[in-house]
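Enquirer: Take this structure first; my questions come after.
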There are 2 protein chains.
Amino acid sequence: MPPLYKAVKQKLTEELRTGRWRHGQVIPSEPLLARRYAVSIGTLRRAVSELVAENILVREQGRGTFVASHTRDYMLNVFFRIEDRDGRRALPDSELISFRHGRANRAAAAALQIAVGDPVFQIRARLRLHGRPVILDEMRLPARLFPDLNEHIFSRRDTTVYGMFQARYGITVARTTEALSAELADRHTCELLGLQAPAAVLKVIRTAYAYKDLPVDWRVRYIDTKRHHYLSVLGGP
Amino acid sequence: MPPLYKAVKQKLTEELRTGRWRHGQVIPSEPLLARRYAVSIGTLRRAVSELVAENILVREQGRGTFVASHTRDYMLNVFFRIEDRDGRRALPDSELISFRHGRANRAAAAALQIAVGDPVFQIRARLRLHGRPVILDEMRLPARLFPDLNEHIFSRRDTTVYGMFQARYGITVARTTEALSAELADRHTCELLGLQAPAAVLKVIRTAYAYKDLPVDWRVRYIDTKRHHYLSVLGGP
DNA sequence: AAGTGGTCTAGACCACCAT
DNA sequence: TGGTGGTCTAGACCACTTA
């Protein structure tokens, strides 16, 4: 028998997945949910605690429990690991280079768990930190998940990409994996980042997942690490 | 008032820090500890759970709770994030290049929280994965924490470096932070890793911490990422 | 003052492991 | 069979927010 709190967690996840509870909103109180699911408050709290640990819910004492909202601050703290030499972090400004309709190649299909040739959006962007171009992104998004996405929606400046996923498509990114390596920058990359060849760049291949480990974004990113680095923390807090 | 379970956690940590409970051993059962500290089993379990989350204790159902032991498998799962293109991980074989007594420069002193000029061990090593040289390490260890450490102890093959810290000095590494960047390899690095200049290498600056955030190891590491990458996971499981 | 999440208790039963 | 950790309950009181 699977533990009861896992079943409760499933039910909570279902409410989120079907859009019954939307990002930024409060969910019902713990005593109420405990009654609704016919479990004790302790069991209900354990299920909620797991979703909090997974960045899906956020507790605020005295106010309630909320569906996590991908504000800029939230993004910065959870998913953006690039900081300057003094340990300061800031979100980059994005500059769209190109927005195309394409088809998934083998690598993209494998990462996004779709078929080779399935339609994807293929988006290039250059990101600046404190005015300097530092990051080059090439994203591929499964077109099926983002009906009607277009260049204009994409280049709006009032939110992050993942904030837009959430507000417009109800897709909440909960987890990413990134594979890092060092490479020599090619001519094109040097030009866009203002580097003199030969130059080394940090290559990051990211896959982002929504609830239930659904892949929603696959991107290759090149970072100029002359003035910045990528921070990784291993083990306990 | 700080919560009771935090106080209990402090008491548990004290038992570990003073060496009353040694790595690999069972600690007393939960009902017994709850009685000893005069708290309920739930409160005791919460304190233990936090130490488990911090990689300091390990629970085994039906057997007991153990002080984490830095076996090779454990290291591999928690602290070693380098894997090959197919996602396979293996611990490297180490080859000592040099072992010297030195003094902390500014960067080492800041990271290790000691004074500039304090004695440190300065150790270079080359690490091989599947026979190929892939990693170059330059470690600095505060000499005060490792009395009588020498080249022979260090180059023994029966354990990892952190396993040796624990078995010989009672120091358990619980957390590391790593700052990653890409650099062009210098001539020396190219030679030791068998690279043709110009080549890009992944530079990792690691600080390792024991209980209570005591820094115990600071190292600069260069990795050839032609056949390997560094894996970083962000957000919930 | 009423409602929220945060802490804490004192039990119960279950699943697993050693003997 | 006895001891371990894992789950679950049904309460209580506290700290904090909002109205």
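Enquirer: Determine, for each peptide in B:135-143, A:47-55, the mean count of other beta carbons within 10 angstrom over its residues, then list the peptides with the highest first.
Expert: B:135-143, A:47-55
Enquirer: If you don't mind, there's one more thing I want to ask. Quick one: pull the percentage of alpha-carbon pairs in the stretch A:176-233 with a separation above 17 Å. Could you put the intermediate results ahead of the total?
Expert: Values: 757 of 1653 pairs.
Summing the P(r) of the stretch A:176-233 above 17 Å gives 46 percent of all pairs.
Enquirer: If r is the Cβ-Cβ distance from A:Asp118 to B:Ala167 and R0 is 60 Å, what FRET efficiency results, to the nearest 0.05? Working shown, then result.
Expert: Values: r = 53 Å, r/R0 = 0.88.
For A:Asp118 and B:Ala167, the calculated efficiency is 0.70.
Enquirer: Can you tell me the relative contact order of the stretch A:191-237? Whole percent, Cα pairs under 8 Å, sequence separation 6 or more.
Expert: It comes to 32 percent, rounded to a whole number.
Enquirer: Sticking with this one: Rounded to the nearest 0.05, what FRET efficiency do B:Arg128 and B:Val233 give with R0 = 30 Å and r taken as the Cβ-Cβ distance? Could you check?
Expert: Details: r = 26 Å, r/R0 = 0.85.
FRET efficiency, B:Arg128 to B:Val233: 0.70.
Enquirer: What ³J(HN,Hα) values, in whole Hz, does the Karplus curve 6.51 cos²θ - 1.76 cosθ + 1.60 give for the stretch B:188-194 when θ = phi - 60°, with x put for Gly and Pro?
Expert: 4, 4, 4, 4, 5, 9, x
Enquirer: Here is a follow-up. How long is the protein assembly as shown along each principal axis, judged by its Cα atoms, biggest number first, in Å?
Expert: Each principal axis gives a Cα extent; for the protein assembly as shown these are 67, 64, 38 Å.
Enquirer: Need the list of lysines near B:Lys6 for cross-linking: C-alpha distance under 24 angstrom, and skip anything on the same chain fewer than eight residues off.
Expert: Counting by Cα, and skipping residues close in sequence, B:Lys6 has these lysines nearby: B:Lys212.
Enquirer: Here is a further query. In percent, how large is the relative contact order of chain B, given Cα pairs closer than 8 Å and 6 or more residues apart?
Expert: Working: 386 pairs, mean separation 40.6, N = 237.
Relative contact order of chain B: 17 percent.
Enquirer: Semi-axes, largest first, in whole Å: what does sqrt of 5 times each Cα gyration tensor eigenvalue give for the stretch A:4-67?
Expert: Values: eigenvalues 51, 36, 25 Å².
Whole-Å semi-axes of the equivalent ellipsoid: 16, 13, 11.
Enquirer: Note the full-extension length gain between B:Ala197 and B:His152 as 0.36 nm times their separation in residues minus their Cα-Cα distance, in nm to one decimal. Before the final figure, lay out each step's value.
Expert: Details: separation 45, 0.36 × 45 = 16.20 nm, distance 3.40 nm.
So the extension gain works out to 12.8 nm.
Enquirer: Express in nm, to one decimal, how much length is gained between A:Arg17 and A:Thr159 on full extension, taking 0.36 nm for each residue of separation and deducting their alpha carbon distance. Could the numbers behind the result be given before it?
Expert: Values: separation 142, 0.36 × 142 = 51.12 nm, distance 2.17 nm.
Stretched fully, the A:Arg17-A:Thr159 segment lengthens by 48.9 nm.
Enquirer: Return the calculated 222 nm mean residue ellipticity for the protein assembly as shown, to the nearest 500 deg cm²/dmol, obtained by summing -39500 (n - 2.57) across DSSP H runs with n ≥ 4 and dividing by the residue count. Mind showing how you got there, number by number?
Expert: Working: 16 runs with 137 residues, N = 474.
Per the formula, -8000 deg cm²/dmol.
Enquirer: Hey, another quick one. What is the calculated FRET efficiency for A:Glu95 to B:Ser29, with r their C-beta to C-beta distance and R₀ = 60 Å, to the nearest 0.05? Don't jump to the answer; show the numbers that get you there.
Expert: Numbers: r = 60 Å, r/R0 = 1.00.
The computed FRET efficiency comes out at 0.50.
Enquirer: Grab the alpha carbons of the stretch A:91-225, take their convex hull, and tell me the volume per residue in Å³. Can you show the working numbers first?
Expert: Details: hull volume 14.9 nm³, N = 135.
Normalising the Cα hull of the stretch A:91-225 by residue number yields 111 Å³.
Enquirer: Could you list, bin by bin from short to long, the percent of Cα-Cα pairs of chain B in 5 Å steps?
Expert: For chain B, the pair-distance distribution reads 1, 6, 12, 16, 17, 15, 13, 9, 6, 4, 2, 1, 0.
Enquirer: Right, another one. Using alpha carbon centroids, what distance separates the stretch A:78-146 and the stretch A:175-225, in Å?
Expert: 8
Enquirer: What distance in nm lies between label points placed 7 Å from Cα along the C-beta direction at B:Arg59 and B:His188?
Expert: In this crude spin-label approximation the distance works out to 4.9 nm.
Enquirer: Would you mind working out the magnitude of the charge dipole of the stretch B:4-67 relative to its Cα centre, with +1 at each Lys and Arg C-beta and -1 at each Asp and Glu C-beta, to the nearest 20 Debye? Please list the in-between numbers first.
Expert: Details: 12 positive and 6 negative charges, 30 e Å.
I would put it at about 140 debye.
Enquirer: How big is the dipole moment of the protein assembly as shown about its Cα centre under a simple scheme where the beta carbon of each Lys and Arg is +1, that of each Asp and Glu is -1, and everything else is neutral? Debye, nearest 20, please.
Expert: Working: 76 positive and 50 negative charges, 181 e Å.
Result for the protein assembly as shown is approximately 860 debye, rounded to the nearest 20.
Enquirer: Now for a separate question. Near A:Lys226, which lysines are there with a Cα under 27 Å away, not counting those fewer than 8 places off in the same chain?
Expert: Output for A:Lys226: A:Lys203, B:Lys203, B:Lys226.
Enquirer: If you don't mind, another one. Hey, could you pull the Cα Rg and Dmax for the stretch A:1-127, both in Å?
Expert: Here Rg and the maximum Cα pair distance are 19.7, 53 Å.
Enquirer: Obtain the radius of gyration and the Kirkwood radius of the stretch B:65-145 from its C-alpha atoms and give Rg over Rh. List each step's numbers first, then the result.
Expert: Numbers: Rg = 15.7 Å, Rh = 14.8 Å.
Result: Rg/Rh = 1.06.
The numbers here are math on the coordinates, done by the rules we state, and not lab data. Keep in mind the model is a prediction, meaning the values are calculated, not measured. All Cβ positions, glycine included, derive from the backbone under ideal geometry; neighbour counts span all protein chains shown.
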